[in-house]
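Colleague: Have a look at the structure that comes next, please.
Every read-out reported here was derived from the displayed coordinates using simple, explicitly stated rules and does not represent laboratory data. Small disclaimer: the values here were computed from a predicted structure and weren't measured. Quick reminder, even Gly has a Cβ in these numbers, built from the backbone with ideal geometry, and neighbours come from all protein chains shown.
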């Protein structure tokens with residue numbers, strides 16, 4: 001019996017993943033979580049053989065969630081699913097303990113292969129991603145945003161997406177003063193003076209669409 005937890009805030013995406021996983025030969029129990037809060041509530045009650053985790057969630061950064069999963073239940077492998085450019089995020093995901101990284105646009109073709117491989121205790125990385133990482137690792141490591149902490153990265157992305165200080169504070173359950181402090185720290189670390197410069201940088205690096 002294989003127990004799988006799908007964490008994604010889009011019901012249609014979760015349903016599509018379920019349909020793909022139906023082709024697994026083994027008997028499976030599949031549970032779903034809409035956000036980080038639901039994920040950890042389910043982890044508190046049950047153990048899982050694998051977690052499928054979207055990077056972008058409404059209440060917390062997927063990277064923050066991944067980091068916490070690996071601290072609290074390090075034995076559970078996590079397969080990251082994302083719409084974001086793979087080169088920008090894969091290195092961080094693997095450094096934080098992910099067992100695999102998969103673009104959602106290729107999930108229909110590769111998801112079963114990835115899940116089977118990870119369930120056997122291996123890591124999963126596509127050949128195209130492996131080649132991209134080999135070519136761009138040095139460049140990515142020198143990017144300005146690698147200086148940011150995980151929480152700073154989360155605030156940075158939300159600012160770059162055009163969210164206001166108030167909206168970010170509500171998303172992350174923090175005070176507006178705390179978010180303003182993060183913003184000042186981010187601008188300092190990235191050597192920018194304005195939010196407009198920050199947004200242009202994020203777009204150039206492919207961190208937001």
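Colleague: Given a Förster radius of 30 Å and the C-beta distance between residue 184 and residue 71 as r, what FRET efficiency does 1/(1 + (r/R0)^6) yield to the nearest 0.05?
Modeller: Efficiency, from the Cβ-Cβ distance: 0.60.
Colleague: Working from Cα positions, state the angle (0 to 90°, nearest 10) between the long axis of helix 86-95 and the longest principal axis of the chain.
Modeller: The two axes meet at around 70 degrees.
Colleague: Here's another thing I want to ask about it. Compute a Gaussian network model of the chain, connecting alpha carbons closer than 10 Å, and tell me which residue from 160, 90, 108 fluctuates the most.
Modeller: Checking each option, the largest mean-square fluctuation is seen for 108.
Colleague: Which whole-number percent gives the relative contact order of the range 41-136, counting Cα pairs below 8 Å spaced six or more residues apart?
Modeller: 25
Colleague: Report, in degrees rounded to the nearest 10, the 0 to 90 angle that the Cα long axis of helix 107-119 makes with the longest principal axis of the chain.
Modeller: On a 0 to 90 degree scale, this one is about 70.
Colleague: Can I ask one more? Measuring from label point to label point, each 7 Å out along Cα→Cβ, what is the residue 131 to residue 20 span in nm?
Modeller: 2.1
Colleague: Let me ask something else. Would you calculate, for the chain, the mean residue ellipticity at 222 nm contributed by helices, counting each DSSP H stretch of 4 or more residues as -39,500 (n - 2.57) and dividing by all residues, to the nearest 500?
Modeller: When only DSSP H runs of four or more count, the value is -16500 deg cm²/dmol.
Colleague: Calculate, in nm to one decimal, what residue 1 and residue 176 gain on full extension: separation in residues at 0.36 nm each, minus their alpha carbon distance.
Modeller: The span from residue 1 to residue 176 would gain 58.4 nm if fully extended.
Colleague: Applying 1/(1 + (r/R0)^6) with R0 = 41 Å to the Cβ-Cβ distance of residue 146 and residue 10, what FRET efficiency is obtained, to the nearest 0.05?
Modeller: FRET efficiency, residue 146 to residue 10: 0.90.
Colleague: If I model a spin label as a point 7 Å beyond the Cα along the Cα-Cβ vector, how far apart are those points for residue 113 and residue 193 in nm?
Modeller: That separation, rounded to one decimal, is 5.0 nm.
Colleague: If only Cα atoms are counted, what is the Rg of the range 144-204, and what is its Dmax, in Å?
Modeller: Every Cα atom of the range 144-204 included, Rg and Dmax give 10.4, 29 Å.
Colleague: Full extension from residue 204 to residue 59: what is 0.36 nm times the residue separation minus their Cα-Cα distance, to one decimal in nm?
Modeller: 49.6 nm
Colleague: Mind checking the angle between helix 195-204 and the chain's longest principal axis? C-alpha axes, 0 to 90 degrees, to the nearest 10.
Modeller: With both axes taken from Cα atoms, the answer is about 40 degrees.
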